[in-house]
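Enquirer: One structure, as structure tokens, below. Some questions next.
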Amino acid sequence: MPVKVDADDLTATVRYALETTRATAACPFHWDVIVRVGDDAAESHAFERARRIVRSDGTHWPVEAIRSEFARQLGEAADGQCPRCEG
């Protein structure tokens, strides 16, 4: 069953792109912790996926807005593994 995304919400659009390309994943034990997988190809694919998502008014998100939101979300994600599982 296809996953729906709220294309009019930039945060949701980027999260969807990152998750569906497996560039990020939620920790299986701590669902509130997002982990950056570290796969450059997946992140590039996610960016292209987000760029192609069409909003309800028929337009695409501006590339700079997508780039900023990607930087924010990837910057907030834990690198490689969940910090709560480590310690």
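The values are calculated or read from the model by the stated rules, or taken from the named source; none is laboratory data. None of these values were measured; they are calculated from a predicted model. In this analysis, Cβ positions are derived from the backbone assuming ideal geometry, glycine residues included, and neighbour counts consider all displayed protein chains. Surface accessibility is based on the protein's heavy atoms, side chains included, excluding ligands, DNA and RNA. Shrake-Rupley method; radii C 1.70, N 1.55, O 1.52, S 1.80 Å.
Enquirer: Condition (residue is surrounded by 14 or more Cβ atoms within 10 Å (Cβ to Cβ) and within 9 Å of the chain's Cα centre (by Cα)) applied to the range 36-43: is it met by at least one residue?
Expert: Checking the range 36-43: at least one residue is surrounded by 14 or more Cβ atoms within 10 Å (Cβ to Cβ) and within 9 Å of the chain's Cα centre (by Cα).
Enquirer: How many residues, within the range 48-61, are buried (at least 17 other Cβ atoms within 10 Å of the Cβ) and either small (Gly, Ala, Ser) or over 15 Å from Ala12 (Cα atoms) (or both)?
Expert: Matching residues across the range 48-61 total 1.
Enquirer: How about the range 28-41: which of its residues are acidic (Asp, Glu) and outside any loop (DSSP other than H, G, I, E, B)?
Expert: So in the range 28-41, the residues acidic (Asp, Glu) come out as 32, 39-40.
Passing the criteria: only Asp40.
Enquirer: Which residues, counting only those in the range 1-27, are at pLDDT 95 or above, assigned to a loop (DSSP other than H, G, I, E, B) and over 20 Å from Ala65 (Cα atoms)?
Expert: Matches in the range 1-27: Arg22, Cys27.
Enquirer: Scanning for something outside any helix (DSSP H, G or I) and at pLDDT 95 or above, does the range 42-49 turn up at least one residue?
Expert: In the first step, residues of the range 42-49 are kept if they are outside any helix (DSSP H, G or I); the result is none.
The answer is no, given that none of the residues of the range 42-49 is outside any helix (DSSP H, G or I) and at pLDDT 95 or above.
Enquirer: Please go through the range 74-84 and give me each residue that is open to solvent by less than 70 Å² (accessible area, probe 1.4 Å), part of a helix (DSSP H, G or I) and either among the hydrophobic types (A, V, I, L, M, F, W, C) or touching a residue at least 24 places away in the same chain (Cβ under 8 Å) (or both), ordered by number. Even if it seems obvious, please write down each step before you answer.
Expert: So the first thing to find is which residues in the range 74-84 are open to solvent by less than 70 Å² (accessible area, probe 1.4 Å), and the list is 74-75, 77-78, 80, 82.
Narrowing the set further to residues that are part of a helix (DSSP H, G or I) leaves 74-75.
Of everything in the range 74-84, just one residue is open to solvent by less than 70 Å² (accessible area, probe 1.4 Å), part of a helix (DSSP H, G or I) and either among the hydrophobic types (A, V, I, L, M, F, W, C) or touching a residue at least 24 places away in the same chain (Cβ under 8 Å) (or both), namely Leu74.
Enquirer: Still on this structure: Would you mention how many residues in the range 62-73 are of a type in the set (A, V, I, L, M, F, W, C) and surrounded by fewer than 18 Cβ atoms within 10 Å (Cβ to Cβ)?
Expert: Adding up the residues that qualify gives 3.
Enquirer: List, please: which pairs have Cβ atoms under 9 Å, are six or more places apart or on different chains, and start with a residue in the range 46-63 that is closer than 10 Å to Ala7 by Cα and end with one that is basic (Lys, Arg) and assigned to a loop (DSSP other than H, G, I, E, B)?
Expert: Trp61/Arg55
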